[in-house]
Amino acid sequence: MFAYGISKEYSLYYLRKGKGASPHIVKYSDGLKDPLIGGVRPFEPLKNFFFFARERVIDGLGRPADPKAGGKPLCVLGVKNCDLAGLNILDSVFSEGDFKDPFYVSKREQNLIIAADCTHAIDTCFCHALGHEHFPQKNHDVLISELRDGYLLESVTWKGKKLLNENSDILADSGEKHIEERDHIRSISGAQVEEGIKKSEIPRQTEYKDVIKKSLESEIWEREAENCVECGGCNVACPTCHCFYLADIQKKAGGETRYKIWDSCMYKRFARVAGNANPRQHLWERLRNRFEKKFDYFPEVNGLYACTGCGRCISGCPAKIDIRRVLKDLVAEKKKAKA
Amino acid sequence: MVENPYCPVKAEITDIIEETPTIKTFAVKPEKPVSFKTGQFVELTVPGVGEAPFTPSSNPKIEDSMEITIMSVGRVTSRLHEIGKGAVVGVRGPYGTGYPLKDFEGKEVLIVGGGVGLAPLRSLILALLDEAGKYKRIMVKYGARSPEDLVYKDQLKEWAGNKDLDIEITVDKSGEDWKGNVGLITTLLRKDIGVDISNSAAIVCGPPIMMKFATFKLVELGYKDKDLFLSMEKNMSCGIGKCGHCRIGPYYACKDGPVFTYDKIKEYHTIWE
Ligand SMILES: Cc1cc2nc3c(=O)[nH]c(=O)nc-3n(C[C@H](O)[C@H](O)[C@H](O)COP(=O)(O)OP(=O)(O)OC[C@H]3O[C@@H](n4cnc5c(N)ncnc54)[C@H](O)[C@@H]3O)c2cc1C
Ligand code: SF4
Ligand code: SF4
Ligand code: FES
């Protein structure tokens, strides 16, 4: 009922239980099939809905593409906090500064985010280490918490309020006991996150200060880069990775278009300049760069670590490069250097 | 509504000057004026091929058109070298911070260029000459691989006779008929250069290796890091601080540069590559 209502105004996406540990985001049509409201973060990062993998930005010289083209705005149901936290980074890149990205900005204005509590954690979750909760904190329109028999809904923005008002016929007033139940579920899943952090021994963010700066020449980089196959999967999976390149394409029918396409800092050509000079010729330099960007650049320019602890780059990496291990070793190295 | 920063304006190539076998200067006239401050750059589009960043080499005072001097080195630049007068290209910008002319006032300005690196510096020199009285002295040291590789050959001759400008040129290698200096650019940065270094700013632009050695030499001569203005060439795509390609430490060369004082970037690794 609720979903049907949304689907009239928005192109609705929701989480469906997958074969693996994490659910997938699927498109709504004729009702929800095996939906997951709580659970854990999906396989796909939320950025896909605001910063498309490939998007046309111009239709020719002097002809900007329409950022609103492409039908109804998008609504994602069941978004988790590690993805919401990723929007802090993307917002700072695309919505701030002298130039703004109209494609991102218009999607952020139009799209609707219905976020949910994590009702459990998986092995790779370490959001708490980065100071993020396992329940929605900001950047969402509606908060939905899965309870034993029902859902607790709370509107956060005017868009969310409007949605709940429109659905008032299927909603009942909530009480103290619902909040208590929600908090109880949160405490159980929170303990699971803590357990994973303990097991992987990932240090907390308070220990990350200057870890990269102090380990620029560390052997950790070469060791970790050894098995990397330069697939860029870590970038694709990450809710904060925002790099792209502009590609011009000659259309068969005449005229040319420009696309904004996700890029990967793990690719050799990423920093290459004319004449084949390359400040990051070696793979280990590119791996180091990825960490510098997340743990050095962003904290310096806007006080945020560009990692939300979602763990996607861990489960997605064919080379089994584990960001938790890298951070653990970097912090240990920094401590040793001090001692 | 947010303006689309990825969209260039149409522009016409109104003239092409062959500078060297690999370098051409293009006169570009955008449909709508794209005015720039000296040292700022633009993204130039070859329709259907792609774009690349270039710093206009003309006087920023001229607002309705610009000249861009381009060396053919790869995909986009080689296509540019194939186009003719009247061709339509795209321009977006200007981007970056440009040269802080105010900081140079009352000073002895030392300009050090290598190869096609003289392009942005020509725009600077023209801007300085327009108000030559504001600067104590304007000096140019320019180096190229060979006499044929010198850009703006006519202008160099004219500048040699300009009393507001001290210009010295060198080439790495030459044939018989070259009467000028032979040697790397650093040979022009001698101990007896005759500059009051405590009241001087040096501006360097050229290929990375030249930038590196010229900078080291200037530091050796006694220049303070904060008085060295360096143009950093980094891989760029968006030009506006979004795409992540041009990072140097906590900066993006496209938005915080491309000109940086040495003290700002010195501590970061791989700045010369
Ligand atoms: C601020 C600034 C100012 C500059 N000013 C000048 C100037 O005044 N004059 C001048 O001659 N030069 C200037 N340059 C250098 C000039 O921008 C480069 O020479 C130019 O970008 C080379 O482009 P290219 O495509 O010809 O070379 P390539 O070597 O083919 O490519 C250069 C870059 O484009 C990328 N690239 C190549 N092919 C593709 C592809 N298929 N898809 C996506 N990306 C690709 C590469 O990764 C590489 O980073 C300046 C550079 C900067 C940063
Ligand atoms: S996902 Fe793993 S193998 Fe692929 S580029 Fe990233 S670190 Fe390398
Ligand atoms: S770096 Fe890895 S764990 Fe951190 S936010 Fe990105 S994908 Fe998630
Ligand atoms: S060129 Fe895109 S961030 Fe600088």
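Here are a few things to note about the model shown:
- Test: residue in the range B:215-233 that is within 21 Å of the chain's Cα centre (by Cα), within 16 Å of ligand 1 (Cβ to nearest atom), touching a residue at least 60 places away in the same chain (Cβ under 8 Å) and not in a helix (DSSP H, G or I): yes
- Any hit, the range B:91-98, residues being within 14 Å of chain A (Cβ to nearest Cβ) and basic (Lys, Arg): yes
- Odd one out for residue B:255 among (1) of a type outside the set (A, V, I, L, M, F, W, C); (2) surrounded by fewer than 19 Cβ atoms within 10 Å (Cβ to Cβ); (3) within 14 Å of chain A (Cβ to nearest Cβ); (4) not in a loop (DSSP other than H, G, I, E, B): (2)
- Some residue of the range A:316-327 being part of a helix (DSSP H, G or I), small (Gly, Ala, Ser) and more than 16 Å from ligand 1 (Cβ to nearest atom): yes
- The listed residues are B:240, B:203, and the only one of them that is within 16 Å of ligand 4 (Cβ to nearest atom), more than 20 Å from residue A:278 (Cα to Cα) and of a type in the set (A, V, I, L, M) turns out to be B:240.
- Condition check for residue A:262 on (1) surrounded by 20 or more Cβ atoms within 10 Å (Cβ to Cβ); (2) closer than 29 Å to residue B:44 by Cα; (3) within 16 Å of ligand 3 (Cβ to nearest atom): one failure, at (1).
- When residues in the range A:64-110 are screened for being of a type in the set (Asp, Glu), touching a strand residue (DSSP E or B) at 6+ places or on another chain (Cβ under 9 Å) and part of a helix (DSSP H, G or I), 1 of them pass.
- In the range B:226-247, residue farthest from ligand 3 (Cβ to nearest atom) [restricted to those that are more than 8 Å from chain A (Cβ to nearest Cβ) and under 15 Å from residue A:243 (Cα atoms)]: B:239
- Residue in the range A:83-97 that is within 17 Å of residue A:13 (Cα to Cα), modelled with pLDDT of 95 or more and buried (at least 21 other Cβ atoms within 10 Å of the Cβ) present: yes
- Residue A:79 vs. criteria β-branched (Val, Ile, Thr), at pLDDT 95 or above and touching a His at 6+ places or on another chain (Cβ under 7 Å): yes
- Members of the range A:231-257 that are under 25 Å from residue A:46 (Cβ atoms) and away from ligand 4 (no atom under 16 Å from the Cβ): A:231, A:232, A:233, A:234, A:236, A:237, A:238, A:239
- Residue match in the range A:104-122 (condition: surrounded by fewer than 17 Cβ atoms within 10 Å (Cβ to Cβ), polar (S, T, N, Q) and at pLDDT 95 or above): no
- Search result, residues across the range B:251-263 that are modelled with pLDDT of 95 or more and not acidic (Asp, Glu): B:251, B:252, B:253, B:254, B:255, B:258, B:259, B:260, B:261, B:262
- Residue pairs meeting the criteria (Cβ under 6 Å; at least 6 apart or on separate chains; first modelled with pLDDT of 95 or more, in the range A:177-196; second part of a helix (DSSP H, G or I) and crowded, with 16+ Cβ neighbours inside 10 Å): A:193/A:128
- Options A:271, A:253: the member that is at the interface with another protein chain (Cβ under 8 Å from one of its Cβ atoms) and more than 21 Å from the chain's Cα centre (by Cα): A:271
The values are calculated or read from the model by the stated rules, or taken from the named source; none is laboratory data. Predicted model, so just to flag it, every value in this text is computed and none were measured. With ideal geometry, Cβ positions are generated from the backbone for all residues, glycine too; neighbour counts draw on all protein chains shown.
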